[in-house]
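Colleague: Here you go, one structure.
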Amino acid sequence: MTPFSQTSGDKSGTKLAPLDRAKQLAASLLSERSQASGALVARQLHELLGALDVSDRHGFQRYLATEFQPDGAALRAAAQRYLADGTAEAAAALARAADPPRQELLRRINMAPGGISALIAMRSEIASCLRAEPELKLLDADLKHLFASWFNRGFIELRRIDWQTPAAVLEKLIAHEAVHEIKGWDDLRRRLGPDRRCFGFFHPALPGEPLIFVEVALVEGLATAVQPLLWQDSDEAAARERAARADTAIFYSISNCQDGLRGVAFGNFLIKQVVEELKTEFPQLSRFSTLSPVPGFRQWLGKRLANGSDPNTALLLQFESDGWWNDPVQSEKLRVPLLRLCARYLTRQPSIRIDPVARFHLGNGARLERINWLGNIAPRGIQESFGIMVNYLYDVETIESNHEAFVNDGTVIRSADVDALLAAEDITAPRLGVLQKHDPVPRNNTPPPPEGL
């Protein structure tokens, strides 16, 4: 018998439906003043929520979103007091009045063992409903606010993942790889070889559940295509030699394992910490770069083609033919116009609102270094960006200034190679306009969580 089944009725002794019982427990949890009793009620609520069906869970989520609002009269009074005298005490009182009771309820739900996992799962579950049910955005915002506090950098631990890591964690790496599929244990062994490094980020409340995986290849020079990295031979002696000669660390996959933590920005922290770990182990490394997808490019270009706004429309229709990337003649015709258009997409249009990978790396202080033709010829790479991949370079000396420039006014710091593509496009398509180096892009620059970066 579960704890809640003993008290599953109201005061009249009437047996309550599971959803009604969950609502009753939530109200009781918020009003409970004893920490010990509160922990018991939190555990009862946690167990009951785990037993609800999908419909009742959604009903409980709507209940959380629409109830537990700030007291309107108290909030107005606190606002009037603050407007009248503007003291620090009045500001603190206003903040307390504006804080929705829902946040305190969520904090108390977290007192139960497994509470934080349940809240992460709740936020993941409501994500698909936010557009149709905008009232759920209040619950989503409160969960995100709390997660930003609970998952700050002081609590997150970096661990190296290698062949000695427990199998349960390795299985999660295989399952959550969001960029380049890991095809079984042999493939995973290659990715954990002497010339590779893999790191996981963990939280003490989720000891066996990684938050993020970061996969790194140690290479000579700036890698421009991912297939040679993924298909590298597994000979350990050769791999050790490659690691010894390496001057560049390529971040070729960053995968988010917890969808419920999307938008909780600790990306800058994780990139910097991995860089420091690599520099300590391999002091000869002089360059730290990603090899990243451009998932929003095809969508953006499709809209341009649909409205006839691109002068290369007729030529670009050729990419509809199957296997064009394997035909050197056809591929070469498409290479220059697509590279130029991708440079424009990443620097001049409101693409920063479309492309999460660009927003993540630019927001974390990287420089847009190089745009690579046919960097990923796997089906997903062709489908998302015609095979184009991008190097975002992390220069330790300029990360902070790049980050500030991007966050403050949307400035995209980029290399001369990218500028050359833009200049060439301006010559061949002047009606699209000429803008200066490091042009600002529209705001909305908060980095999302890493998810297939």
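Colleague: Restricting attention to the stretch 376-423, and to residues there that are assigned to a helix (DSSP H, G or I) and of a type in the set (D, E, K, R), which single residue is surrounded by the most Cβ atoms within 10 Å (Cβ to Cβ)?
Modeller: E384
Colleague: Out of all the residues in the stretch 108-123, which are open to solvent by 10 Å² or more (accessible area, probe 1.4 Å), closer than 12 Å to L45 by Cα and not polar (S, T, N, Q)?
Modeller: Passing the criteria: R108, M111, P113, G114, A118.
Colleague: Let me ask something additional. Need the failing condition index for E125 against (1) within 25 Å of A243 (Cβ to Cβ); (2) in contact (Cβ under 8 Å) with a residue 12 or more places away in the chain, just the number.
Modeller: The failed condition is (1).
Colleague: On the basis of being assigned to a loop (DSSP other than H, G, I, E, B) and touching a residue at least 40 places away in the same chain (Cβ under 8 Å), does P113 make the cut?
Modeller: Yes, satisfied.
Colleague: Tally time: how many residues in the stretch 326-349 are part of a helix (DSSP H, G or I), open to solvent by less than 60 Å² (accessible area, probe 1.4 Å) and under 22 Å from V390 (Cβ atoms)?
Modeller: Number satisfying all stated conditions: 14.
Colleague: Which strands (runs of 3 or more DSSP E) sit wholly inside the stretch 203-294 and have at least 3 residues that are under 25 Å from P166 (Cα atoms)?
Modeller: Filter on the stretch 203-294 gives 212-219, 248-256.
Colleague: Also: Scan the stretch 283-305 for residues that are open to solvent by 40 Å² or more (accessible area, probe 1.4 Å) and farther than 20 Å from A378 by Cα and jot them down.
Modeller: Passing the criteria: P283, Q284, S286, R287, K303.
Colleague: Being under 17 Å from L119 (Cα atoms), more than 32 Å from the chain's Cα centre (by Cα) and among the polar types (S, T, N, Q) is true for just one of Q35, Q44. Which residue is that? Step through it out loud before you land on a result.
Modeller: Details: Q35 fails: under 17 Å from L119 (Cα atoms).
Exactly one residue qualifies, and that residue is Q44.
Colleague: Okay, next question. Hey, L170 hits all of (1) within 18 Å of the chain's Cα centre (by Cα); (2) open to solvent by less than 30 Å² (accessible area, probe 1.4 Å) but one; which does it fall short on?
Modeller: (1)
Colleague: In addition: Show the residue pairs meeting these rules: Cβ distance below 8 Å; 6+ apart or different chains; first residue within the stretch 276-303 and farther than 23 Å from L230 by Cβ and at pLDDT 95 or above; second residue among the β-branched types (V, I, T) and surrounded by 17 or more Cβ atoms within 10 Å (Cβ to Cβ).
Modeller: Correct list of pairs: S286/T248.
Colleague: Moving on to the next point. With respect to D247, determine if the residue is open to solvent by 10 Å² or more (accessible area, probe 1.4 Å), acidic (D, E) and modelled with pLDDT of 90 or more.
Modeller: yes
Colleague: How about the stretch 256-267: which of its residues are open to solvent by less than 40 Å² (accessible area, probe 1.4 Å) and modelled with pLDDT under 90?
Modeller: Within the stretch 256-267, N256, G263, V264, F266, G267 qualify.
Colleague: Scanning the stretch 130-152 for residues that are in a helix (DSSP H, G or I) and over 19 Å from the mean Cα position of the chain (by Cα), which turns out farthest from P101 (Cα to Cα)?
Modeller: Kept after step one, since they are in a helix (DSSP H, G or I), are these residues of the stretch 130-152: 136-150.
Filter once more, keeping what is over 19 Å from the mean Cα position of the chain (by Cα): 136, 138-139.
Working: L136: 15, L138: 12, L139: 11 Å.
Within the stretch 130-152, the match that is farthest from P101 (Cα to Cα) is L136.
Colleague: While we're here: Pick out the one residue from R160, R197, R153, R189 that is closer than 29 Å to E241 by Cα and at pLDDT below 95. Reasoning before the result, please.
Modeller: Numbers: R160 fails: at pLDDT below 95; R197 fails: at pLDDT below 95; R153 fails: closer than 29 Å to E241 by Cα.
Result of the check over R160, R197, R153, R189: R189.
Colleague: Taking the condition within 30 Å of R380 (Cα to Cα) and within 20 Å of the chain's Cα centre (by Cα), does F155 pass? Write out each step before concluding.
Modeller: On the way: within 30 Å of R380 (Cα to Cα): no; within 20 Å of the chain's Cα centre (by Cα): yes.
Criteria not met by F155.
Colleague: Take the residues of the stretch 200-220 that are at pLDDT 95 or above and open to solvent by 10 Å² or more (accessible area, probe 1.4 Å): which is farthest from F266 (Cα to Cα)?
Modeller: E220
Colleague: Just give me the residues in the stretch 350-375 being modelled with pLDDT under 85, crowded, with 20+ Cβ neighbours inside 10 Å and among the aliphatic types (A, V, I, L, M), in sequence order.
Modeller: I352 - this is the single residue of the stretch 350-375 that is modelled with pLDDT under 85, crowded, with 20+ Cβ neighbours inside 10 Å and among the aliphatic types (A, V, I, L, M).
The values are calculated or read from the model by the stated rules, or taken from the named source; none is laboratory data. Remember, it's a predicted structure, so these values are computed and weren't measured experimentally. A quick note on method: Cβ atoms are made from the backbone with ideal geometry, for glycine too, and the neighbour counts reach across all protein chains shown. The protein model used for the area step is the full one, side chains on, heavy atoms only, and it has no ligands, DNA or RNA in it. Shrake-Rupley method; radii C 1.70, N 1.55, O 1.52, S 1.80 Å.
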